[in-house]
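Structure, as structure tokens:
The values are calculated or read from the model by the stated rules, or taken from the named source; none is laboratory data. All figures in this text were calculated on a predicted structure; none of them were measured in a lab. Neighbour counts run over all protein chains shown; Cβ positions are idealised from the backbone, glycine included.
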Amino acid sequence: MEKRELLYEGKAKRLFYTDDKDLLISEFKDDLTAFNGEKKSSEAGKGALNNKISTELFKLLDSKGVPTHFVEMLDDNHMLHKKVDVIMIEVIVRNIATGSLTRTLGIKDGTVLPFTLVEFDFKNDDLGDPKLNDQHCIILGLVDDVAELDTLRKMAREINDILLPYFADKGLNLVDFKLEFGKDSNGDIILADEISPDNCRFWDMETGEKMDKDRFRQGLGGLKVAYEQVLERILGSKQ
């Protein structure tokens, strides 16, 4: 499958048409951005690591019955996947309080939440990805009805129920993560985008070390090494 003309370029990926109208190719970039694009850098090899990590996690979710856009990894930086009509809602899943949740609500950083929190953000860089409630989503026309919001919440919790113990078995706390969904050619809601340390927070269970993009956000350094360790832990059970 060869990539054709560029369809879209985002912060972390370029999307290309293919000769199949229902399939696209994503090229994972080495670019790093944070704080709505205010902080920018690049890390050689980061894109390939995210592609490999996302591939393994999409395969895991597919095997557990979660519908995703994933088809196959073509090479280190390219993934073939289904074309979707993206739902412009970022679905945030939180197991442990940190980041914006602690700043907004004053919850102590590192607090284990009494239940998994699922939030919606408007996928809109110009507005700073503001928080959404159900009525906002309907007013903005981001979904057809409340039932679709319920589907997003249900799928997000199902994904969390799979990934939380999966990473715990590898010595990682899955603190929180962002999911994006879209509708496929049949109109069904499926998981899209990627699942990687770019949009997940992983803390080492023994040391508390951050093994995700917070290393870039907070200027900790060692981002590539952390991403490599996440991939090694994922692949460890397969070797």
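In the set 170, 154, 183, only one residue is in contact (Cβ under 8 Å) with a residue 24 or more places away in the chain and within 17 Å of the chain's Cα centre (by Cα); that residue is 183.
Identify the residue in region 75-100 that is assigned to a loop (DSSP other than H, G, I, E, B) and crowded, with 19+ Cβ neighbours inside 10 Å and, among all such residues, is nearest to the chain's Cα centre (by Cα).
Step one: of region 75-100, the residues assigned to a loop (DSSP other than H, G, I, E, B) are 76-77, 83-84, 87-88, 97-99.
If we keep only those that are crowded, with 19+ Cβ neighbours inside 10 Å as well, we get 77, 83-84, 87, 97-98.
Values: 77: 16, 83: 17, 84: 16, 87: 14, 97: 18, 98: 17 Å.
So the residue we want is 87.
Take the conditions (1) within 18 Å of the chain's Cα centre (by Cα); (2) more than 26 Å from residue 22 (Cα to Cα); residue 220 misses just one of them, which is (1).
For residue 72, state whether it is more than 24 Å from residue 187 (Cα to Cα) and outside the structural domain of residue 177 (by TED's automatic domain parsing). No, not satisfied.
Being in contact (Cβ under 8 Å) with a residue 24 or more places away in the chain and among the hydrophobic types (A, V, I, L, M, F, W, C) is the filter; apply it to region 102-139 and report the residue that is surrounded by the fewest Cβ atoms within 10 Å (Cβ to Cβ). Looking at the filtered set, the residue picked out is 117. Does residue 28 count as in contact with a helix residue (DSSP H, G or I) (Cβ under 8 Å, 6 or more places away or on another chain), at pLDDT 95 or above, under 30 Å from residue 185 (Cβ atoms) and surrounded by 15 or more Cβ atoms within 10 Å (Cβ to Cβ)? Taking the combined requirement at face value, the residue satisfies it.
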